[in-house]
Amino acid sequence: MKTSLSKQQDNRKEIELFIGPQHPASGHMRFIGRVDGDIFTNFIPDPGWVHRGIEKIAENRKWIQIIPLVERAAILDAANMNIGYVIALEKLLDIEPPPRAQYLRTLLCEINRITSHLYGFGIAGIMIGSSTFYMWPFADREPLIDIAQLITGARLTYSYMIPGGVRRDLPQGFKEKALKALKYIERRLNNDYFRIFFDNPVTKARYQEVGVLKRDDAIRLGIVGPNLRASNVKYDVRKVEPYAAYPELEFDIAYEKEGDCYARLLVRVEEIRQSIKIIRQILDALPQGPIIHKKYEKLVSLRKLEEYQKTGIFGLPAIFTVLRPPAGEVISRVEAARGELIFHIISTGELRPYRLRMVTPSFRNIVLFRELISGARVMDFPAIYGSIDYFPPESDR
Amino acid sequence: MRVKEEQSLTGNIYNFVRKIVLWIIFKTPLKRLRNWGISYSLWPVHLTTACCGCEFGASSAPRFDAERTGYLPFVGPRQTNLIVIEGSLSKKMANAVRLTYEQMPNPKYVIALGACAIDLGIFYDSYNLVRVDEVVPVDVYVPGCPPRPEAIIRSVVMLQRKIRRGG
Amino acid sequence: MNIDEVSRVFKDLKSMIEPEAQISILSSNRLIITTSTDKLELIANLLKNYGFDHVKSVTAIDYPMKNIIEISYLISSFNNLNLSKIILTLKTLIDRNKSISKSLYKVWPSVEFLERETYDLMGVFFEEHPENTSLILPEDYKDIRPLRKDFKLIK
């Protein structure tokens with residue numbers, strides 16, 4: 001006679017539950033959970049399904065070739081990955097880009113932060129079954145991707161920043177188009193999103209008091225980014241160690257006190273508002289001047305220099321292919337959309353770096369799955385996963 | 001097949017009917033009708049393998065709206081007939097892709113997105129990647145790093161044409 | 001952060017950790033401490049009590065010519081906003097052939113996944129780490145660990 005399967009086998013109450021890699025939300029990630037009834041007693045994240053070995057490949061590339069390589073870790077957030085590496089490289093080369101280039105870098109980083117957060121909202125929305133809130137943020141990303149495309153010419157992978165400055169100046173009529181897009185996204189964010197999602201009782205029931213991360217735990221586990229700030233820690237690299245044009249710009253650190261899934265989403269909403277504020281300031285106060293360091297401007301051919309003065313597009317000088325930064329060790333940190341990004345680079349004065357260490361925010365947040373989901377109900381898993389805004393390629397590198 | 005007692009009197013009706021049905025389905029014009037039907041009900045399985053998944057997501061979103069061409073991302077591999085390989089394929093993931101592919105019912109099709117799927121692209125010397133054609137047979141390749149959503153929609157349209165021409 | 005505050009932190013730390021370890025200033029917000037593997041946990045505890053509460057990165061660097069592997073912990077603080085402006089590198093050297101180091105999991109739980117990754121990609125075994133198993137590479141990986149210098153990529 002057959003009884004229920006779990007009882008018959010070995011008298012144990014717990015069942016092992018495998019989730020993924022075939023699509024738990026944004027895919028390529030596996031979780032191994034142990035379930036007692038519908039409560040997870042243990043939950044282990046198993047990353048590495050998109051590991052491409054960027055750290056090793058970087059040892060095999062010239063310095064300038066690494067710029068597109070590190071962007072591929074998180075193509076959603078390419079500008080922030082790019083600036084982290086370029087700042088480290090500039091520290092080695094000991095050059096400082098001109099002010100206009102600093103402002104343009106900040107501009108692209110903030111546009112990228114907004115698009116990245118909107119993507120996160122879309123994934124969080126579809127995970128708790130609100131397909132409208134998948135469609136809306138994904139549609140509203142597009143105007144911002146369009147203005148990023150006006151600056152750089154690419155949708156996601158910009159490779160816009162180079163050592164000493166940026167590759168292109170702003171096109172004509174950029175300010176009007178950008179302001180229009182910002183106005184649109186601000187209206188959508190403050191009215192429509194709250195009406196359909198953030199103030200929706202269903203959303204609040206799924207998110208509030210679910211997956212609470214206390215302040216001490218967040219610090220102990222070394223969490224970064226919006227997930228840290230949702231637990232009432234006011235840590236933002238843009239304030240702690242300002243880079244690019246951030247010292248001259250006015251903005252606040254977005255934070256919440258509760259530390260639950262809802263707070264993590266609200267921090268991102270507030271960050272988008274602050275980013276809009278920063279972009280408006282940049283558009284108003286953009287300084288005039290060159291977009292590339294004088295040292296490199298002299299090195300390009302006459303034809304390229306004429307083209308640069310006419311169109312504002314700077315062709316890479318040939319010296320970049322044989323760039324040899326002096327020997328040394330640098331650490332750079334920037335605030336990417338998902339949190340703090342660290343580059344630790346060892347140079348021996350060769351054509352290629354000796355060692356490039358890249359610690360991405362998603363990798364440091366991976367421990368959250370175990371801490372928050374152990375003890376939660378099975379149906380809270382999608383809500384918590386969506387609120388962490390985890391991006392597997394960024395974590396695996 | 002073992003011949004049973006009643007089959008010895010009537011002949012193997014089961015096999016006979018099966019042959020007739022297959023003949024009707026795989027000869028024109030019914031085959032044409034079948035292919036036309038398949039081409040407008042392509043349901044890709046949700047198997048995101050790498051970062052081109054962002055643009056795959058954007059292609060299903062309102063600006064580009066790939067669903068108007070007659071395809072809809074779907075959950076379980078048992079009910080789908082299209083698999084979209086989104087970018088690079090790590091060794092660990094290749095097993096999962098093969099497993100998913102084998103679970104899908106026939107006929108099944110593969111679209112490979114991105115330079116990584118063609119010849120590993122920017123990660124050409126990586127130690128943890130495999131080429132897609134070593135794992136599953138590919139019908140349509142889409143170049144780009146990442147390909148634009150328009151290109152992804154075009155690849156779906158190309159696949160539909162291919163199916164209508166006779167698979 | 002101005003140079004006075006760094007030098008104040010520097011003096012505090014110097015009086016605390018010497019003679020077990022050496023400390024020096026790299027720039028206005030980077031400090032570096034070098035110590036031996038058996039003193040590592042002691043120094044880490046002192047630093048934790050001083051206010052450094054999390055680890056940002058565990059970087060292992062392979063030097064086959066000198067037959068050593070260098071392990072750097074990048075340490076900083078979330079609680080103390082003055083200290084969070086500093087990134088402190090805690091550096092130790094281990095023998096390349098044995099590749100065994102001491103885990104700092106008991107001091108800073110935030111090293112857990114960083115050390116596991118270092119074990120996986122560089123092959124450094126961390127004693128007293130709760131889980132020294134494969135994280136990123138396939139479970140049946142048998143080759144030389146990829147971040148070692150003698151692992152060559154095919155061109």
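Report yes if some residue within region A:126-142 is β-branched (Val, Ile, Thr), within 14 Å of chain B (Cβ to nearest Cβ) and in contact with a Ser or Thr (Cβ under 7 Å, 6 or more places away or on another chain); otherwise report no. Please lay out each step first, then the result.
Quick first cut of region A:126-142, residues β-branched (Val, Ile, Thr) only: A:126, A:128, A:132.
Okay, now just the ones that are also within 14 Å of chain B (Cβ to nearest Cβ), so A:126, A:132.
Narrowing the set further to residues that are in contact with a Ser or Thr (Cβ under 7 Å, 6 or more places away or on another chain) leaves none.
No, the conditions are met nowhere in region A:126-142.
Quick check on A:Leu118: is it away from every other protein chain (no Cβ under 11 Å), touching a helix residue (DSSP H, G or I) at 6+ places or on another chain (Cβ under 8 Å), at pLDDT 90 or above and buried (at least 24 other Cβ atoms within 10 Å of the Cβ)?
Taking the combined requirement at face value, the residue does not satisfy it.
Can you pull out the residues in region A:369-397 that are hydrophobic (A, V, I, L, M, F, W, C) and either within 14 Å of chain B (Cβ to nearest Cβ) or within 13 Å of A:Pro47 (Cα to Cα) (or both)? Please lay out each step first, then the result.
Keep residues of region A:369-397 that are hydrophobic (A, V, I, L, M, F, W, C), which gives A:369, A:372-373, A:376, A:378-379, A:381, A:383-384, A:388, A:391.
Across region A:369-397, the qualifying residues are A:Phe369, A:Phe391.
Given the criteria assigned to a helix (DSSP H, G or I) and among the basic types (Lys, Arg), does A:Arg113 qualify?
It is true that A:Arg113 is assigned to a helix (DSSP H, G or I) and among the basic types (Lys, Arg).
Pick from region B:32-54 the residues that are more than 7 Å from chain A (Cβ to nearest Cβ) and in a helix (DSSP H, G or I): which of them is surrounded by the most Cβ atoms within 10 Å (Cβ to Cβ)? Give the steps one after another, and end with the answer.
Filtering region B:32-54 for residues more than 7 Å from chain A (Cβ to nearest Cβ) gives B:32-45, B:52.
Narrowing the set further to residues that are in a helix (DSSP H, G or I) leaves B:32-39.
Working: B:Arg32: 13, B:Leu33: 11, B:Arg34: 15, B:Asn35: 18, B:Trp36: 12, B:Gly37: 10, B:Ile38: 17, B:Ser39: 22.
My answer is B:Ser39.
Identify, please: which residue in region A:218-273 is surrounded by 19 or more Cβ atoms within 10 Å (Cβ to Cβ) and polar (S, T, N, Q) and is, among those, farthest from the other protein chains (Cβ to nearest Cβ)?
This residue is A:Asn227.
Anything in region A:352-394 that is part of a loop (DSSP other than H, G, I, E, B) and of a type outside the set (Gly, Ala, Ser)? List them, or say none.
Initial filter on region A:352-394 (part of a loop (DSSP other than H, G, I, E, B)): A:352-354, A:360, A:366, A:374-376, A:389-391.
The answer is A:Arg352, A:Pro353, A:Tyr354, A:Thr360, A:Ile366, A:Asp389, A:Tyr390, A:Phe391.
Among the residues of region A:34-47, is any under 21 Å from the mean Cα position of the chain (by Cα) and at the interface with chain B (Cβ under 9 Å from one of its Cβ atoms)?
No: zero hits.
Table: residues versus (1) closer than 23 Å to B:Ile118 by Cβ; (2) at pLDDT 80 or above; (3) out of contact with any His (no Cβ under 9 Å at 6 or more places or on another chain).
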| residue | (1), (2), (3) |
| --- | --- |
| B:Glu6 | no, no, yes |
| B:Phe26 | no, no, yes |
| B:Trp43 | no, yes, yes |
| B:Gly53 | yes, yes, no |
| B:Ala61 | no, yes, yes |
| B:Phe74 | no, no, no |
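Take B:Leu99 and tell me if it is of a type outside the set (Val, Ile, Thr), out of contact with any Cys (no Cβ under 7 Å at 6 or more places or on another chain), at pLDDT 85 or above and surrounded by 14 or more Cβ atoms within 10 Å (Cβ to Cβ). Don't jump to the end; show me each part of the working.
Working: of a type outside the set (Val, Ile, Thr): yes; out of contact with any Cys (no Cβ under 7 Å at 6 or more places or on another chain): yes; at pLDDT 85 or above: yes; surrounded by 14 or more Cβ atoms within 10 Å (Cβ to Cβ): no.
Answer is no for this residue.
Tell me, which residue of region A:85-110 that is among the acidic types (Asp, Glu) and assigned to a loop (DSSP other than H, G, I, E, B) is nearest to A:Met358 (Cα to Cα)? Before the answer, list the steps.
Let us first name the residues in region A:85-110 that are among the acidic types (Asp, Glu), namely A:90, A:94, A:96, A:110.
Pick out the ones that are also assigned to a loop (DSSP other than H, G, I, E, B) and you get A:94, A:96.
Details: A:Asp94: 21, A:Glu96: 22 Å.
By that ranking, first place goes to A:Asp94.
Would it be correct to say that A:Arg61 is of a type in the set (Lys, Arg), at pLDDT 85 or above, closer than 30 Å to A:Gly122 by Cβ and not in a helix (DSSP H, G or I)?
no
Of a type in the set (S, T, N, Q), more than 30 Å from C:Asp150 (Cα to Cα) and surrounded by fewer than 21 Cβ atoms within 10 Å (Cβ to Cβ): is that true of C:Asn67 in this structure?
Against the criterion (of a type in the set (S, T, N, Q), more than 30 Å from C:Asp150 (Cα to Cα) and surrounded by fewer than 21 Cβ atoms within 10 Å (Cβ to Cβ)), C:Asn67 does not qualify.
Being in contact (Cβ under 8 Å) with a residue 40 or more places away in the chain and farther than 11 Å from A:Ala139 by Cα is the filter; apply it to region B:55-67 and report the residue that is farthest from the other protein chains (Cβ to nearest Cβ).
Looking at the filtered set, the residue picked out is B:Ala66.
When you go through (1) surrounded by 16 or more Cβ atoms within 10 Å (Cβ to Cβ); (2) at pLDDT below 90; (3) of a type outside the set (Phe, Trp, Tyr) one by one for A:Gln288, which number turns out not to apply?
(1)
Could you check, for region B:123-133, whether at least one of its residues is under 12 Å from the mean Cα position of the chain (by Cα), closer than 20 Å to B:Ile163 by Cα and without any contact (Cβ under 8 Å) to a residue 60 or more places away in the chain?
For region B:123-133, residues under 12 Å from the mean Cα position of the chain (by Cα), closer than 20 Å to B:Ile163 by Cα and without any contact (Cβ under 8 Å) to a residue 60 or more places away in the chain: absent.
Could we say that B:Gly76 is out of contact with any Leu (no Cβ under 7 Å at 6 or more places or on another chain), over 23 Å from A:Arg141 (Cβ atoms), in the same structural domain as B:Ile152 (by TED's automatic domain parsing) and among the small types (Gly, Ala, Ser) here? Write out each step before concluding.
Working: out of contact with any Leu (no Cβ under 7 Å at 6 or more places or on another chain): yes; over 23 Å from A:Arg141 (Cβ atoms): yes; in the same structural domain as B:Ile152 (by TED's automatic domain parsing): yes; among the small types (Gly, Ala, Ser): yes.
Spelling it out, B:Gly76 is indeed out of contact with any Leu (no Cβ under 7 Å at 6 or more places or on another chain), over 23 Å from A:Arg141 (Cβ atoms), in the same structural domain as B:Ile152 (by TED's automatic domain parsing) and among the small types (Gly, Ala, Ser).
Being in contact (Cβ under 8 Å) with a residue 40 or more places away in the chain and either crowded, with 20+ Cβ neighbours inside 10 Å or within 27 Å of the chain's Cα centre (by Cα) (or both) is the filter here, so list the residues in region A:321-339 that pass it.
Within region A:321-339, A:Pro325, A:Val330, A:Ile331, A:Ser332, A:Arg333, A:Val334, A:Glu335, A:Ala336, A:Ala337, A:Arg338, A:Gly339 qualify.
Select from region C:108-150 the residues that are among the charged types (D, E, K, R) and loosely packed, with under 15 Cβ neighbours inside 10 Å and write down the one among them that is farthest from the other protein chains (Cβ to nearest Cβ).
Kept after step one, since they are among the charged types (D, E, K, R), are these residues of region C:108-150: C:112, C:115-117, C:120, C:127-128, C:131, C:139-140, C:142-143, C:145, C:148-150.
Now restrict to residues that are loosely packed, with under 15 Cβ neighbours inside 10 Å: C:127-128, C:131, C:139-140, C:142-143, C:150.
Working: C:Glu127: 21, C:Glu128: 18, C:Glu131: 9, C:Glu139: 9, C:Asp140: 10, C:Lys142: 13, C:Asp143: 8, C:Asp150: 12 Å.
Filtering region C:108-150 for residues that are among the charged types (D, E, K, R) and loosely packed, with under 15 Cβ neighbours inside 10 Å, the one farthest from the other protein chains (Cβ to nearest Cβ) comes out as C:Glu127.
Which members of region C:104-123 meet the condition of being in a loop (DSSP other than H, G, I, E, B), within 21 Å of A:Asp46 (Cα to Cα) and touching an Asp or Glu at 6+ places or on another chain (Cβ under 8 Å)?
C:Tyr105
Scan region B:148-166 and tell me whether some residue there is within 30 Å of C:Glu139 (Cα to Cα), facing another protein chain (nearest Cβ under 9 Å) and not small (Gly, Ala, Ser). Spell out how you get there, then give the answer.
Start the filter on region B:148-166 by keeping residues that are within 30 Å of C:Glu139 (Cα to Cα), which leaves none.
There is no residue in region B:148-166 that is within 30 Å of C:Glu139 (Cα to Cα), facing another protein chain (nearest Cβ under 9 Å) and not small (Gly, Ala, Ser).
Taking C:Val58, is it farther than 24 Å from B:Tyr127 by Cα, at pLDDT 85 or above and not polar (S, T, N, Q)?
Working: farther than 24 Å from B:Tyr127 by Cα: no; at pLDDT 85 or above: yes; not polar (S, T, N, Q): yes.
The answer is no for C:Val58.
Cβ-Cβ below 6 Å, separation at least six or inter-chain, first residue in region A:67-84 and more than 10 Å from chain B (Cβ to nearest Cβ) and surrounded by fewer than 24 Cβ atoms within 10 Å (Cβ to Cβ), second outside any helix (DSSP H, G or I) and of a type in the set (S, T, N, Q): which pairs?
The qualifying pairs are A:Ile67/A:Ser159.
Name the residue that is nearest to the other protein chains (Cβ to nearest Cβ), counting only residues in region C:53-107 that are closer than 21 Å to C:Arg30 by Cα and aromatic (Phe, Trp, Tyr).
Restricting to residues being closer than 21 Å to C:Arg30 by Cα and aromatic (Phe, Trp, Tyr), the top hit is C:Phe78.
Please identify the pairs in which a residue from region C:58-77 that is closer than 21 Å to A:Arg364 by Cα has its Cβ atom under 8 Å from the Cβ atom of a residue that is among the acidic types (Asp, Glu) and part of a strand (DSSP E or B), counting only partners at least 6 apart or on another chain.
Short answer, once both residue conditions are applied: C:Ala60/C:Glu70; C:Ile61/C:Glu70.
Suppose we filter A:Ile219, A:Ile253 for residues that are more than 20 Å from A:Ile272 (Cα to Cα) and not polar (S, T, N, Q); which single one remains?
Only one candidate passes the filter, namely A:Ile219.
The values are calculated or read from the model by the stated rules, or taken from the named source; none is laboratory data. Worth saying up front: this structure is predicted, and the values here are computed from it rather than measured. All Cβ positions, glycine included, derive from the backbone under ideal geometry; neighbour counts span all protein chains shown.
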